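The values are calculated or read from the model by the stated rules, or taken from the named source; none is laboratory data. Bear in mind the structure is a predicted one, so any value in this text is a computation, not a measurement. So basically every Cβ, Gly included, is an ideal-geometry build from the backbone, and we count neighbours across all protein chains shown.
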Amino acid sequence: MLLPARPDLPHLLLCPSSVKAGAAALALALLGCPGAAIAQDDANLPADQSHPTPQPVVAVPVEEDETVQFEADGASYDDNTDVVSVFGDVVLRRGDQSVRADKLSWNRKTGIILAEGNVRFVDADGNQIFTDRLELTDELKAGASENMLLALREGGRLAANRGERLENGKVLLHNAAYTSCAVEDAKGCPRNPSWRITARRVIYDPAKKSIRFEGARAEIFGLRLMPMPGLVLATDGRPINGLLIPDVQLSASNGVQISETWYQRLSDNRDLAITGYVFTEALPMVSAQYRQLTSQGSFQVTGYVTRSSRIPIGGNPSSSQKDFRGYLYANGRYQFTPNWSLTFSTRVASDRTFLRRYDISRDDRLRSTAQLERIDADSYLSIAGWATQTLRVGDSQGLVPFAVPEIDFRRRLTDPWLGGRIQLQANSLAITRTSGQDTQRAFASAQWDLRRLTPWGQEVTLTTLVRGDVYHSDENALTSTAIYRGNPGWQGRGMAAAAIDLKWPLVGEFLGGTQVLTPRFQVVASPTLRNLAVPNEDARSIDLEDSNLFALNRFPGYDRIEDGVRFTYGFDWQWERPGWRIATTIGQSYRLTDRPTLLPDGTGLTERTSDIVGRTEVRFSDVVKVTHRFRLDKDSLAVRRNEFDAAVGSKSTYLEVGYLRLNRDVGGGIEDLKDREELRIAGRVGFARHWSIFGSGVFDLTGISDDPSLTGVDGFQPLRTRLGIAYQDDCIELDFTWRRDYVATGDAQKGNTFQIHIAVRNLGF
């Protein structure tokens with residue numbers, strides 16, 4: 001809970017004018033008058049802790065190679081007291097240390113140097129002390145001072161009513177305030193820091209670069225937060241053990257949520273963060289994150305666990321049951337040698353609604369992978385495995401495949417005869433389902449590419465490919481889509497393809513800029529193949545796009561290969577001038593035969609003449625970026641694919657819009673090719689200084705005309721919206737967010753969620 005600021009606590013103000021007015025005024029501007037509450041706290045301490053007696057300062061003779069040099073307007077010497085006095089723009093230097101003051105006296109008997117008036121002391125580490133009166137040894141070791149300001153080399157500032165250097169080199173400060181925020185604006189005028197920490201006592205350890213607080217309280221925008229007992233900070237920004245700033249959230253599923261994290265630095269390469277969550281409408285939850293870095297790589301493991309009431313998918317509140325629920329996420333990467341590496345990731349949830357209910361993730365599929373790779377200049381080897389957990393309503397987990405193993409080897413050679421490139425590939429894959437079709441596949445291929453430039457500037461690429469496949473599958477009838485099944489048992493397939501690709505870039509001037517028009521023509525030929533005889537596991541989501549228009553195989557995987565003879569034609573156009581860039585791609589293909597293909601209706605490739613596809617990109621400086629992708633029906637010019645992404649504005653004020661409409665009219669029963677329409681919008685408006693309003697929304701515009709299986713949908717279904725206000729400067733982030741979910745699934749209820757988030761920078765956590 002935020003409390004109003006107490007007027008008796010210090011305010012941190014630092015301005016060059018304050019330095020000119022005197023160090024005492026500078027420290028008082030930082031601290032204010034001594035707080036009554038702080039004084040009372042000190043009074044309640046035992047006598048030996050209220051104001052500990054500083055260790056005496058011992059004068060050490062100056063070494064010959066570390067002579068103290070000084071400059072001053074004038075000097076005097078007292079024979080009786082053996083005191084040397086200098087005055088007027090006094091500057092003392094000893095190695096990397098220096099002292100500036102209006103007046104300075106040196107007692108040669110005791111070795112004590114007393115600097116007075118606008119004192120600025122710089123120690124060997126680059127830290128600066130501003131005060132009106134400072135005691136030093138003849139080695140320029142700072143002693144006691146009052147109303148002092150300590151400006152650390154790392155950027156933090158400490159001010160105190162009183163301070164002294166202890167014999168062990170530590171600095172003890174009383175009634176102190178600390179911040180690492182900027183306290184001056186761009187014009188050099190003073191500004192209040194976004195946050196500061198006040199304390200009864202502060203111990204600064206230059207050797208360990210740490211600050212320990214006693215009786216600490218945090219203030220943000222002048223408002224007092226909860227106490228921070230045992231707070232320790234690192235001045236160099238490294239993490240320090242302790243509690244982090246809590247998060248507060250209100251949601252429809254869990255009520256009020258308060259989370260607090262304890263951070264523990266186990267060693268220089270290991271740390272642990274444990275977070276506790278308390279809810280008003282659910283039992284508590286605990287999470288932990290462990291991270292480790294080694295000379296070969298790193299990994300992290302994050303886990304959540306709780307026991308809560310869970311409503312099964314399709315159930316009702318009366319059917320809720322209490323279960324242990326949780327989520328495990330681990331990932332890492334190790335580079336054993338310059339060539340060999342291991343990458344892994346594991347994501348597992350106890351049930352389908354846990355992640356969404358507790359606002360951890362909105363993914364509808366969790367993928368776990370492990371991949372061992374060897375890469376050198378001319379070869380590549382991958383041994384991998386993966387498994388997927390579905391969180392989608394209506395999907396059967398038994399029909400979701402997992403692969404162990406997936407092996408891929410590639411070798412690149414130089415053609416010794418024609419000068420082209422040869423790539424050899426061997427691949428194997430074993431897919432298993434607990435309640436579905438099992439498939440094993442292996443193939444070997446060789447591809448030859450030759451690129452040449454003609455005297456007229458055309459770029460000609462010749463490609464040939466040969467491949468042999470072996471498949472084995474069983475339980476084929478468990479695959480609901482017939483064209484994906486293939487024939488059970490052992491199946492073989494051979495294929496060959498040849499292609500020629502011609503590009504002709506034409507360069508010229510246009511509208512004050514440079515344009516490049518590149519007509520493109522491609523011919524691909526392949527004999528009739530036994531595509532439907534083998535299963536289709538990785539080439540299901542086929543769709544004609546600008547990205548695969550000129551591909552040798554326009555299917556996304558290896559299990560399906562486009563056969564026959566086809567011509568593909570189109571052009572690329574690009575125009576550039578300072579600050580501007582426009583690029584367009586348009587193309588179409590034509591197949592020589594009208595033989596029915598394995599391509600479903602609506603993909604744009606079924607008939608001899610394909611649909612027209614294209615992409616346009618427009619950029620203006622860093623302010624405007626627009627991308628539009630489309631597919632037009634070859635006969636009616638109806639828009640079958642309309643995808644629009646735009647980003648306009650700056651970092652502080654911007655608008656992002658994304659729109660997708662798939663109107664392919666693909667026949668029913670093919671889940672991978674369903675039509676849909678959706679709108680995504682997000683924006684931020686900066687106002688005042690450091691303040692902004694932000695919002696976003698995701699809307700499902702799919703109607704019954706696009707998906708006849710829908711019921712009760714009018715073509716506009718908000719999925720989630722978000723609106724918030726934020727403050728961000730160089731040392732703090734603060735935002736208040738409202739989010740609404742419109743779809744309920746099991747115990748992940750629809751409704752409003754409110755969140756307060758505070759992130760303090762430069763605190764080491």
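Based on this model, can you work out whether Leu632 counts as under 30 Å from Thr528 (Cβ atoms), of a type outside the set (S, T, N, Q) and crowded, with 16+ Cβ neighbours inside 10 Å? So Leu632 fits the description; yes.
When Arg200, Arg217 are checked against the criterion of being more than 37 Å from the chain's Cα centre (by Cα), within 22 Å of Val760 (Cβ to Cβ) and at pLDDT 80 or above, a single residue qualifies: Arg200.
Does any residue of region 235-252 turn out to be within 22 Å of the chain's Cα centre (by Cα), hydrophobic (A, V, I, L, M, F, W, C), within 30 Å of Lys750 (Cβ to Cβ) and at pLDDT below 90? Checking region 235-252: at least one residue is within 22 Å of the chain's Cα centre (by Cα), hydrophobic (A, V, I, L, M, F, W, C), within 30 Å of Lys750 (Cβ to Cβ) and at pLDDT below 90.
I need a count of the residues in region 93-149 that are in contact with a Gly (Cβ under 7 Å, 6 or more places away or on another chain) and of a type in the set (Asp, Glu). Going through region 93-149 one residue at a time, the tally reaches 4.
Just so you know, in region 516-552 the residues that are among the hydroxyl-bearing types (Ser, Thr, Tyr) and under 28 Å from Glu643 (Cβ atoms) include one that is surrounded by the most Cβ atoms within 10 Å (Cβ to Cβ), and it is Thr518.
Counted as qualifying within region 213-332 are the strands (runs of 3 or more DSSP E) with 2 or more residues that are among the β-branched types (Val, Ile, Thr) and within 30 Å of Cys731 (Cα to Cα), namely 255-267, 270-279, 297-310. Does Arg689 qualify as being outside any strand (DSSP E or B), at pLDDT below 85 and over 30 Å from Ile483 (Cα atoms)? Answer is yes for this residue. The residues on offer are Arg100, Arg120, and the sole one that is over 26 Å from Thr198 (Cβ atoms) and at pLDDT 85 or above is Arg100.
Mind counting the residues in region 721-744 that are assigned to a strand (DSSP E or B), out of contact with any Leu (no Cβ under 8 Å at 6 or more places or on another chain), at pLDDT below 90 and buried (at least 16 other Cβ atoms within 10 Å of the Cβ)? Within region 721-744, residues that are assigned to a strand (DSSP E or B), out of contact with any Leu (no Cβ under 8 Å at 6 or more places or on another chain), at pLDDT below 90 and buried (at least 16 other Cβ atoms within 10 Å of the Cβ) number 2. Given the criteria on the phi < 0 side of the Ramachandran plot, modelled with pLDDT of 95 or more and crowded, with 18+ Cβ neighbours inside 10 Å, does Ala370 qualify? The answer is no for Ala370. Can you spot a residue in region 136-145 that is more than 20 Å from Leu92 (Cβ to Cβ), polar (S, T, N, Q) and buried (at least 24 other Cβ atoms within 10 Å of the Cβ)? For region 136-145, residues more than 20 Å from Leu92 (Cβ to Cβ), polar (S, T, N, Q) and buried (at least 24 other Cβ atoms within 10 Å of the Cβ): absent. Only one entry in Tyr569, Tyr590 is closer than 17 Å to Asp501 by Cβ and surrounded by fewer than 16 Cβ atoms within 10 Å (Cβ to Cβ), namely Tyr590. Can you give me the number of residues within region 194-212 that are touching a His at 6+ places or on another chain (Cβ under 9 Å) and either surrounded by fewer than 17 Cβ atoms within 10 Å (Cβ to Cβ) or not in a strand (DSSP E or B) (or both)? Total satisfying the criteria: 1. So, in region 412-454, of the ones that are in a strand (DSSP E or B) and of a type in the set (Val, Ile, Thr), which residue ends up modelled with the lowest pLDDT? In this case the residue turns out to be Thr414. Using the structure shown, decide if Ser298 is surrounded by 16 or more Cβ atoms within 10 Å (Cβ to Cβ), small (Gly, Ala, Ser) and in contact with a Gly (Cβ under 9 Å, 6 or more places away or on another chain). Here the answer is no, as Ser298 does not meet what is asked. Taken together, the criteria exclude Glu164 from residues that are over 20 Å from Gly95 (Cα atoms), modelled with pLDDT under 85 and outside any strand (DSSP E or B).
Every condition in (1) touching a residue at least 12 places away in the same chain (Cβ under 8 Å); (2) surrounded by fewer than 17 Cβ atoms within 10 Å (Cβ to Cβ); (3) out of contact with any Lys or Arg (no Cβ under 7 Å at 6 or more places or on another chain) is met by Ala499 except one, and the failing one is (2).
Residues that are out of contact with any helix residue (DSSP H, G or I) (no Cβ under 9 Å at 6 or more places or on another chain) and within 30 Å of Asn536 (Cβ to Cβ) do occur in region 677-686, at least one of them. Within region 356-368, residues that are in a loop (DSSP other than H, G, I, E, B) reach partners that are small (Gly, Ala, Ser) and at pLDDT below 90 with beta carbons closer than 7 Å, at six or more positions or on different chains, in the pairs Asp359/Ser251.
Within region 619-628, the set of residues being surrounded by fewer than 16 Cβ atoms within 10 Å (Cβ to Cβ) and of a type outside the set (Phe, Trp, Tyr) comprises Ser621, Asp622, Val623, Val624.
Being aliphatic (A, V, I, L, M) and in contact (Cβ under 8 Å) with a residue 40 or more places away in the chain is a property that Val171 lacks.
Beta carbons closer than 9 Å, at least 6 apart along the sequence or on distinct chains, pair a first residue in region 395-417 that is free of Cβ contacts under 8 Å to residues at least 24 places away in the same chain with a second that is part of a loop (DSSP other than H, G, I, E, B) and not charged (D, E, K, R) for Thr414/Gly420. Give the residues of region 301-335 that are over 19 Å from Met285 (Cβ atoms) and modelled with pLDDT of 95 or more, sorted by residue number. Residues satisfying the conditions are Asn331, Gly332, Arg333, Tyr334, Gln335.
Can you pull out the residues in region 259-271 that are under 30 Å from Gln749 (Cα atoms) and surrounded by fewer than 15 Cβ atoms within 10 Å (Cβ to Cβ)? The answer is Glu260, Trp262.
Taking the conditions (1) assigned to a loop (DSSP other than H, G, I, E, B); (2) buried (at least 18 other Cβ atoms within 10 Å of the Cβ) in turn, Val393 satisfies each one other than (2).
Of the residues screened, Gly587 is one that is touching a Leu at 6+ places or on another chain (Cβ under 7 Å) and assigned to a strand (DSSP E or B). Candidates in region 589-625 are the residues that are in contact with a Lys or Arg (Cβ under 6 Å, 6 or more places away or on another chain) and of a type in the set (Asp, Glu); of these, the one that is nearest to Tyr569 (Cα to Cα) is Asp611. Comparison of Ile360, Ile274 shows that the only residue that is among the hydrophobic types (A, V, I, L, M, F, W, C), surrounded by fewer than 17 Cβ atoms within 10 Å (Cβ to Cβ) and under 19 Å from the mean Cα position of the chain (by Cα) is Ile360. The single residue among Gly494, Gly468, Gly513 that is surrounded by fewer than 16 Cβ atoms within 10 Å (Cβ to Cβ), of a type outside the set (Phe, Trp, Tyr) and under 30 Å from Arg581 (Cβ atoms) turns out to be Gly513. In contact (Cβ under 8 Å) with a residue 12 or more places away in the chain, surrounded by 15 or more Cβ atoms within 10 Å (Cβ to Cβ) and not in a strand (DSSP E or B): is that true of Gly602 in this structure? The answer is yes for Gly602. Taking the numbered list (1) at pLDDT below 75; (2) more than 31 Å from the chain's Cα centre (by Cα) in turn, Glu184 passes all entries but (2).
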